[in-house]
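Right, one structure below, let's go through it.
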Amino acid sequence: MGKIRIGVFGAYRGMTMVKVLAKHPDATLVAVCDKYRPALDKVRALAEENGLSVALYEDFEAFFAHDMDGVVLANYANEHAPYAVRLLKSGRHVLSEVLPCETMAQAVALIEAVEASGKVYAYAENYCYMWHAFEMRRRYEAGEIGEVQYAEGEYIHDCAAIWPGITYGERDHWRNNIYPTYYCTHSVGPMMTITGRRPVRVSGFVTQDNAANRPLGSRAGSRGGIEIITFDNGAIGRSVHGNLKREPGSTNYRIFGMKGMMESEAFVPSYAGEERQRELHVYREGEKLCIGEDEKYVPDPSAFSALAKDFSSHGGSDFYPTHYFIEKILGRPEGQKYSIDVYTAVDMGIVGILAYRSALAGGAPVDIPNLRNPEERERWREDHKSSNPKISHGEDLLPCAPEGNREYPDSVYEEIRQIWMSGKNAE
């Protein structure tokens, strides 16, 4: 077969996929859709630099009609599942950016659309492919630290300063309408892909609002989300993420096994890119109790693919989701192994959805269904609970924080919009 023809919906976050597709030997970029014309102009310039002919659309329906084999969904993070279902039903492969679904009903619909279509669905949780996280997976799979007993995942990213640039002063922007445990897969995902374990129970917690922050428009305020997870082998995991005060931000993982442990270096910027990659610390216990070997090194990105050396954004991780999506479409073993499938993606996402149910119940544990099993789906098929008023109504509409929504006058959103238009950060 010839090169796989792929389109990208969303040219802001999708630009990373555009850059990979522009140079990938087995795929070609054929179309990009975004409502913001300046983003499309950047795609046009990149396409011209690489000698590509790329159709540019501001309207999704026109983009949808374009002849292509697969689509990268890099649109708003709470809208992936409905578009994925529609594209799968049309016979297209789908690579979905974070997050996989907004409700439990969407989780069921997404899984069933993948099963019915027979097409490839892949989840672009790039933090699973950061050099340190990917290397942890390799060494864990080799049995070097034994079976996991306890794990930690952190994605601390205080977005206060950049809030104007990621919400544009839009009152109903998705970031202004999510609850604190929703955006969880940057911290949950690597724990799962490193160890291969599935979450079966979660207790969720939400920090108090940071009253020291200036009003930015988020109905949840400025908070962190925490999930305490039980995995299917009895191991416990702690996931923490959100707008907590820490600079540089944290994308750290720790895996404690029965024969040793691994952890990533703590104080390195979350988006280090070319600056400096995280060192990985590995301890392996020997024949005697509490006596073992220590290692400390920066993982080699080419250990998994020689093509990865040309990509450095998000700790080198932005290349892999697109690459393994292509590899899986082509039926290659590495794509089958390393591309994140729909079941694992949904497991990652519903941890945060059900953790919030737990938080609303004072932290009471909630069982996580295994939606691989059709008989477990019925309970959730019509569960449309979310904090998004566009899709949830009445009792299904949840507050963005346990004590209720923060509300702001129009002047706050107008001020944020003006900061965004000025090209500056909030102070």
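From most to least packed by mean Cβ count within 10 Å, the peptides 179-185, 253-259 give 179-185, 253-259. Using C-alpha pairs below 8 Å separated by at least 6 residues, the relative contact order for the chain is 20 percent.
When the chain is treated as a Gaussian network with alpha carbon springs shorter than 10 Å, the biggest mean-square fluctuation among 38, 164, 399 belongs to 38. Each of the peptides 170-176, 151-157, 188-194 was scored by the mean count of other Cβ atoms within 10 Å over its residues; in descending order, highest first, they stand as 188-194, 151-157, 170-176.
Using helices alone, I'd like the mean residue ellipticity at 222 nm for the chain: each DSSP H run of four-plus residues gives -39500 (n - 2.57), total over residue count, nearest 500. Don't skip to the end; give the middle numbers.
Details: 13 runs with 131 residues, N = 427.
Value at 222 nm, helices only: -9000 deg cm²/dmol.
Close amide H partners of residue 155, meaning residues 5 or more places away or on another chain with modelled amide H under 5 Å apart, are 240, 241, 242. Considering only Cα atoms, the convex hull volume of the chain works out to 149 Å³ per residue. Multiplying each eigenvalue of the alpha-carbon gyration tensor of the range 145-227 by 5 and taking the square root yields semi-axes of 30, 13, 11 Å, largest first, rounded to whole angstroms. Between 288, 119, 245, the GNM of the chain built on Cα springs shorter than 10 angstrom shows 288 fluctuating the most. When the accessible area of the chain is computed with all protein chains present and a 1.4 Å probe, what percentage of it is carbon and sulfur? Carbon plus sulfur share of accessible area: 51 percent.
In the assembled protein chains, residue 147 presents an accessible area of approximately 80 Å² (probe radius 1.4 Å). With a Förster radius of 35 Å applied to the beta-carbon distance between residue 370 and residue 36, the computed FRET efficiency rounds to 0.35. Solvent exposure of the range 317-427, expressed per residue, is 48 Å² of accessible area, with all protein chains present and a 1.4 angstrom probe. Ellipsoid fit via the Cα gyration tensor, the range 81-207: semi-axes of 26, 23, 14 Å, each the root of five times an eigenvalue, largest first. Seen from every direction in turn and averaged, the convex hull around the alpha carbons of the range 377-426 projects onto 5.8 nm². When averaged across all projection directions, what area in nm² does the alpha-carbon convex hull of the range 200-261 cover? Value for the range 200-261: 5.8 nm². Taken along the Cα-to-beta-carbon direction at a fixed 7 Å, the label points for residue 48 and residue 294 span 5.5 nm.
Per residue, the range 163-298 exposes 42 Å² of accessible surface when a 1.4 Å probe is rolled over the protein heavy atoms with every protein chain present. Couplings 3J(HN,Hα) for the range 355-371, derived from phi with the Karplus relation 6.51 cos²θ - 1.76 cosθ + 1.60 (θ = phi - 60°), are 4, 6, 4, 5, 4, 5, 9, x, x, 4, x, 10, 6, 9, x, 9, 6 Hz, where x marks Gly and Pro.
Take the Cα radius of gyration of the range 1-74 and divide it by 2.2 N^0.38 Å, with N its residue count; two decimals is plenty. Numbers along the way, then the final one.
Working: Rg = 10.9 Å, N = 74, 2.2 N^0.38 = 11.3 Å.
Its radius of gyration relative to the 2.2 N^0.38 Å reference: 0.97.
The values are calculated or read from the model by the stated rules, or taken from the named source; none is laboratory data. Small disclaimer: the values here were computed from a predicted structure and weren't measured. Positions of Cβ are backbone-derived with ideal geometry, glycine not excepted, and every protein chain shown enters the neighbour counts. All accessible areas refer to the heavy atoms of the entire protein, side chains included, with ligands and DNA or RNA removed. Shrake-Rupley method; radii C 1.70, N 1.55, O 1.52, S 1.80 Å.
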